[in-house]
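A.B. asks: Sharing a structure, written as structure tokens. Questions coming.
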Amino acid sequence: MSDFWHMGGYAFYVWTSYGIGFLVLIIGLIKPLMLQKKILRELVLKRQRNQRVSKS
Amino acid sequence: MLPWLTALLIVLLAYGLYGGLVMAPADYQQGDSFRIIYIHVPSAWMSLFVYVVMAISGAIGLIWHIKLAEIVSISSASIGAAFTFLALITGSLWGKPMWGTWWVWDARLTSELILLFLYLGVIGLYGAIEDKRTAARAVAILALVGVVNIPIIHYSVEWWNTLHQGATVTKFDKPSIHPDMLIPLLVMAVAFKVYYGIALLMRCRNELLQREQNNRWVDEILEKL
């Protein structure tokens with residue numbers, strides 16, 4: 001197992017590559033997910049505002 | 001559809017990573033450092049593939065004024081930029097132990113860097129123009145001009161003397177790589193394609209919600225929340 005983590009002496013290069021790769025791909029999914037939440041929240045607020053305006 | 005794609009992505013990644021990191025034997029010249037290939041090569045392939053998708057859908061939007069094509073085009077840009085960035089970073093991390101340098105200004109590396117700038121240019125240009133339909137048209141033209149870079153990147157290792165090795169998989173002969181190493185690589189490549197599909201769908205959805213926010217179907221979605 002420790003051989004596996006050691007990567008024949010190239011541990012730093014291999015694991016940094018995989019780490020950065022993983023990080024970049026995850027961020028690429030989380031960002032649009034958060035944006036979607038934000039858009040939907042704003043749209044709901046907007047519609048509530050419009051309803052209030054039309055009632056008064 | 002997104003949950004299914006995500007499940008598929010996880011299975012493919014698990015299989016590809018296990019095959020690549022555990023099962024595949026170490027390379028006889030490069031030892032274990034060659035395992036960077038399973039991130040580097042799929043990202044590099046995708047950086048070209050996404051660019052072509054972006055340019056073609058940009059062209060479709062430009063010619064037939066199809067809104068969805070514009071949205072696919074612009075949504076691809078940031079994903080492609082991420083792949084290009086990954087290809088460059090992992091290439092650098094691979095170059096240091098193998099070539100003894102993080103970076104050289106040779107043909108393959110430089111043309112891939114230009115690709116990153118093209119993506120960033122597309123993103124910046126789209127953000128700079130207020131009217132999104134005008135922005136999409138401007139971006140499509142930039143993307144189409146940049147297409148010239150794609151064959152340059154692909155053939156750069158043949159046209160010029162470069163430090164970067166030639167193609168091992170995408171050539172007409174049999175791939176010069178052992179199946180134990182090749183199969184995880186292909187699995188990872190498919191996994192990256194699925195990832196692109198997921199990321200693209202999510203971004204298109206956001207873009208559509210923003211553009212069509214006064215439409216009836218948006219009302220229906222909001223009512224369900």
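The values are calculated or read from the model by the stated rules, or taken from the named source; none is laboratory data. All values reported here derive from a predicted model rather than from experimental measurement. Heads up, the Cβs are rebuilt from the backbone with ideal geometry, glycines too, and the neighbour counts pull from every protein chain shown. Accessible surface is based on the protein model in full, side chains and every heavy atom, while ligands, DNA and RNA are left aside. Shrake-Rupley method; radii C 1.70, N 1.55, O 1.52, S 1.80 Å.
A.B. asks: If I filter the stretch B:70-92 down to residues being open to solvent by 10 Å² or more (accessible area, probe 1.4 Å) and away from chain A (no Cβ under 11 Å), which single residue comes out as farthest from B:Leu125 (Cα to Cα)?
C.D. replies: Here the answer is B:Val72.
A.B. asks: Kindly list, by first and then second residue, each pair from a residue in the stretch A:20-44 that is more than 12 Å from B:Ala82 (Cβ to Cβ) to a residue that is of a type outside the set (Phe, Trp, Tyr) and not in a helix (DSSP H, G or I), limited to pairs with Cβ atoms under 9 Å and residues at least 6 apart or on different chains.
C.D. replies: Note: pairs meeting the criteria are A:Ile39/B:Gln213; A:Leu40/B:Leu225; A:Glu42/B:Gln213; A:Leu43/B:Gln213; A:Val44/B:Leu225.
A.B. asks: Return a yes/no flag: does the stretch B:57-64 have any residue that is crowded, with 21+ Cβ neighbours inside 10 Å, within 14 Å of chain A (Cβ to nearest Cβ) and either of a type in the set (Ser, Thr, Tyr) or closer than 30 Å to B:Gly31 by Cα (or both).
C.D. replies: Kept after step one, since they are crowded, with 21+ Cβ neighbours inside 10 Å, are these residues of the stretch B:57-64: B:57-58, B:61.
Among the residues that remain, those that are also within 14 Å of chain A (Cβ to nearest Cβ) are: none.
Looking for residues that are crowded, with 21+ Cβ neighbours inside 10 Å, within 14 Å of chain A (Cβ to nearest Cβ) and either of a type in the set (Ser, Thr, Tyr) or closer than 30 Å to B:Gly31 by Cα (or both), one finds none in the stretch B:57-64, hence no.
A.B. asks: Which of the residues that make up the stretch B:17-48 are of a type outside the set (Phe, Trp, Tyr), more than 9 Å from every other protein chain (Cβ to nearest Cβ) and more than 18 Å from the chain's Cα centre (by Cα)?
C.D. replies: B:Gly19, B:Gly20, B:Met23, B:Ala24, B:Pro25, B:Asp27, B:Gln29
A.B. asks: Looking at (1) at the interface with chain A (Cβ under 10 Å from one of its Cβ atoms); (2) buried (at least 22 other Cβ atoms within 10 Å of the Cβ), find the lone condition where B:Tyr51 falls short.
C.D. replies: Only one criterion is unmet by B:Tyr51, namely (1).
A.B. asks: Which one is surrounded by the most Cβ atoms within 10 Å (Cβ to Cβ), of the residues in the stretch B:184-225 that are in a loop (DSSP other than H, G, I, E, B) and touching a Leu at 6+ places or on another chain (Cβ under 8 Å)? Even if it seems obvious, please write down each step before you answer.
C.D. replies: So the first thing to find is which residues in the stretch B:184-225 are in a loop (DSSP other than H, G, I, E, B), and the list is B:212-215, B:225.
This time we only want the ones that are touching a Leu at 6+ places or on another chain (Cβ under 8 Å), so: B:213, B:225.
On the way: B:Gln213: 15, B:Leu225: 8.
Filtering first and then ranking leaves B:Gln213.
A.B. asks: Conditions first: (1) in contact (Cβ under 8 Å) with a residue 12 or more places away in the chain; (2) surrounded by fewer than 23 Cβ atoms within 10 Å (Cβ to Cβ); (3) away from every other protein chain (no Cβ under 11 Å). B:Leu9 passes all but one, so which condition is the exception?
C.D. replies: Only one criterion in (1) in contact (Cβ under 8 Å) with a residue 12 or more places away in the chain; (2) surrounded by fewer than 23 Cβ atoms within 10 Å (Cβ to Cβ); (3) away from every other protein chain (no Cβ under 11 Å) is unmet by B:Leu9, namely (3).
A.B. asks: Let me ask something additional. Any residue at all in the stretch A:23-42 that is surrounded by 11 or more Cβ atoms within 10 Å (Cβ to Cβ), under 22 Å from B:Ile37 (Cβ atoms) and more than 9 Å from chain B (Cβ to nearest Cβ)?
C.D. replies: Yes; the residues of the stretch A:23-42 include at least one that is surrounded by 11 or more Cβ atoms within 10 Å (Cβ to Cβ), under 22 Å from B:Ile37 (Cβ atoms) and more than 9 Å from chain B (Cβ to nearest Cβ).
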